[in-house]
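Notes follow once the structure below has been shown.
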Amino acid sequence: MTYFKTLFLALFLCVFTFSYADENNLTLDKQLAVFQPFLGTWQANFEVAQGEKPIQDVGKWERALNGKAIRTAHSINGGEYGGESMIFYDSKKESLVFYYFTTAGFYTKGTLKVLSPTQFVAYEDVTGSKEGITKVKSMSELKDEKFIVSTSYLKKGEWTKPEQRIYIRSTKTVKFK
């Protein structure tokens, strides 16, 4: 009799597990599927001059809107600065687009172009930057379990030298003050 109880329990757990997986499908829409490996939490420690305050960025990428979008959030130094974005496929533009909102009061809207399964480039138009930044271009790559981002800013009419940041997987949390 114990054998049948064990067998019944095992079958019940299998059915429940498959049912739960189907109902809570954590896949992304096909236009966003390339970003699946980027999901999760990342952190980078920025290079700063000796004697300057350390800067740490913690970011989280997660599935949103039943896989129709990706939500990202990040915070620097535990909430001194932060931002959130939504990435989605715009069928009218036939392009990946996103909006990014910040605690500094400015926002961006942009497009993403996938270059390979591990690389993409983002082009952003900035609205409301007090620093005179009007555009941003960034190249991102997933390589050797690292998320490498190189960013340039169009500031007061001139492009800045690209800044590179290397993110690693993290268990830290994004915080806002």
Discussion item. Conditions first: (1) touching a strand residue (DSSP E or B) at 6+ places or on another chain (Cβ under 8 Å); (2) within 14 Å of residue 102 (Cα to Cα); (3) open to solvent by less than 20 Å² (accessible area, probe 1.4 Å); (4) not basic (Lys, Arg). Residue 79 passes all but one, so which condition is the exception?
Written reply: (1)
Fill in: Criterion: at pLDDT 95 or above, of a type in the set (A, V, I, L, M, F, W, C) and more than 25 Å from residue 54 (Cβ to Cβ) - qualifying residue of 147, 88, 106
88
Fill in: Selection status of residue 115, within 23 Å of residue 41 (Cβ to Cβ), under 18 Å from the mean Cα position of the chain (by Cα) and not β-branched (Val, Ile, Thr)
no
Discussion item. For segment 72-92, give me each residue that is in contact (Cβ under 8 Å) with a residue 12 or more places away in the chain and charged (D, E, K, R).
Written reply: 80, 84
Item to complete: Name, by its number, the condition in (1) open to solvent by 90 Å² or more (accessible area, probe 1.4 Å); (2) within 16 Å of the chain's Cα centre (by Cα); (3) among the charged types (D, E, K, R); (4) within 21 Å of residue 106 (Cβ to Cβ) that does not hold for residue 68.
Response: (4)
Worksheet item: Looking only at segment 114-162, which residues are among the aliphatic types (A, V, I, L, M) and in contact with a helix residue (DSSP H, G or I) (Cβ under 9 Å, 6 or more places away or on another chain)?
Response: 114, 142
Fill in: Lone unmet requirement of (1) open to solvent by less than 50 Å² (accessible area, probe 1.4 Å); (2) of a type in the set (D, E, K, R); (3) closer than 23 Å to residue 168 by Cβ for residue 84
(1)
Worksheet item: Of all residues in segment 97-155, how many are buried (at least 16 other Cβ atoms within 10 Å of the Cβ), outside any strand (DSSP E or B) and not hydrophobic (A, V, I, L, M, F, W, C)?
Response: 1
Item to complete: Could you check residue 175 against (1) in a strand (DSSP E or B); (2) open to solvent by 20 Å² or more (accessible area, probe 1.4 Å); (3) in contact with a Ser or Thr (Cβ under 7 Å, 6 or more places away or on another chain) and say which number it fails?
Response: (1)
Worksheet item: Within segment 135-173, can you find the residues that are more than 14 Å from residue 100 (Cβ to Cβ) and of a type in the set (Val, Ile, Thr)?
Response: 148, 160, 166, 168, 171, 173
Discussion item. Please determine whether any residue of segment 157-167 is at pLDDT 95 or above, assigned to a strand (DSSP E or B) and among the β-branched types (Val, Ile, Thr).
Written reply: yes
Worksheet item: For residue 116, are the conditions met, namely being closer than 14 Å to residue 34 by Cα and among the small types (Gly, Ala, Ser)?
Response: yes
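The values are calculated or read from the model by the stated rules, or taken from the named source; none is laboratory data. Not measured: the values here are computed from a predicted model. As a convention, Cβ positions derive from the backbone with ideal geometry for all residues, glycine included, and neighbour counts pool all protein chains shown. All accessible areas refer to the heavy atoms of the entire protein, side chains included, with ligands and DNA or RNA removed. Shrake-Rupley method; radii C 1.70, N 1.55, O 1.52, S 1.80 Å.
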